[in-house]
Amino acid sequence: MNPTLLSSLVLLFAPALLTAEEVIGINFCEGTPDSLAPSSAAGDIPRALWNNALGAGGTLADLKATAGDKDLAGKPTQATVTWISAATYHCPVPGETPLALLFKGYLDDGATSGSSTVGNYGAQVTVENIPWDDYLVYLYVASGENKEEGPGGSVPMLPFEVNGVNYTASKNTRDESSPTKPGNERWTGEGVVTAPLLEGRNYLLVQGLSGRRLTIRGYARNRGIRGSLTGVQIVEHIQRTPPPNTGYRWGW
C-alpha cells in the first residue's frame, strides 16, 4: 500500500482508536430518581453504564467498565467501591438529561472521620482492585448551596486528597478551563452544572495514577467553602506506540 495513503488512513481512524480506553464511572446518588440508566452516557468522557452508588454510605462490588459511549454490554471487573459521607444532598440541575442526573445527587461535605492539615475529612471514597496498571481520575463536583444564583452560580471548593496528595485547580476562576495541580488552595467551582464541562470548574482531573487501590477524600465544608462530590470516572491509561512515519502522537 502507498505509504502516504496508509498514513492518511491512520490519521483518519486514530480519533476512534483513542476512545478505546476502558472507564469505570461511579455516580453518587441521593436516591433512585437521580440514578443513571445503563444507556445514559455522561461525563467529560461520555460513557454509559455508570455504577450508581445510592445513599450516604455503602459498598458496590463487581463494578462494570465500559469501552465506549455505545458500549452497553460493558465488562465486569473485580473492582469494589466503598464510600462514606455525612449525608447526601441534591443540586437543582434542571432537566433529566444524563448530564443533569450525574450532577443532581452528591455526597455532602459534613465532617466524617479523620483530619489533615487542611481540615476534617468529609466524603471519603475507596476503590479496590482497579483492573489497570495506570489510570487517571475525574472528580466531579456540584453544590446546592448556591442555588439562588441559578445555573452557572459559582461556589468556592476545597481541594481533594487523592492517594494521599491534595489537588486543586491552577486558577481560582469559574470562567475558563483550569488545569489540576497539587496544592491546598481553594478553587472556584460551578454550583449548578452548565455545559460544556470544564476542568477546574466542574471537575478535577488527576493523572499519572497507579496501584490497585484508589483513595479519595474530600474535606468538610468550612465557612461556605465546599467539598461535595457527585461522581468519579476512573480511566484506563493506554500507552500506544505511534505508527511509523505518520507524525501522529498517540497516548496521553
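Remarks
- Förster radius 35 Å - calculated FRET efficiency between Lys70 and Thr126, Cβ distance, rounded to 0.05: 0.70
- The modelled label-to-label distance between Ala195 and Asn163, using points 7 Å beyond Cα along the C-beta direction, is 3.3 nm.
- Taken one residue at a time, the phi angles of region 216-229 give Karplus couplings (6.51, -1.76, 1.60, θ = phi - 60°) of 10, 10, x, 10, 5, 4, 9, 6, x, 8, 9, x, 7, 10 Hz. Gly and Pro are set to x.
- If R0 is taken as 51 Å, the Cβ-Cβ distance between Ser39 and Asn184 corresponds to a FRET efficiency of 0.80.
- Dipole magnitude of region 65-136, debye to nearest 20 (Cβ charges: Lys/Arg +1, Asp/Glu -1, about Cα centre): 140 debye
- Eligible lysines near Lys171 by straight Cα distance, threshold 30 Å, same-chain separation 8 or greater: Lys104, Lys147, Lys181
- Relative contact order [Cα under 8 Å, 6+ residues apart], region 89-233, whole percent: 35 percent
- Taking the charge dipole of region 25-122 about its Cα centre, with +1 at Lys and Arg Cβ atoms and -1 at Asp and Glu Cβ atoms, the residue from Tyr89, Trp50, Ser35 reaching farthest to the positive side is Trp50.
- Rg ratio (alpha-carbon, reference 2.2 N^0.38 Å) - region 77-120: 1.54
Values in this text are rule-based calculations from the coordinates and carry no lab data. The structure presented is a predicted model; accordingly, all values stated were derived computationally and were not measured. Ideal geometry is used to build each Cβ from the backbone, glycine not excepted, and the neighbour counts take in all protein chains shown.
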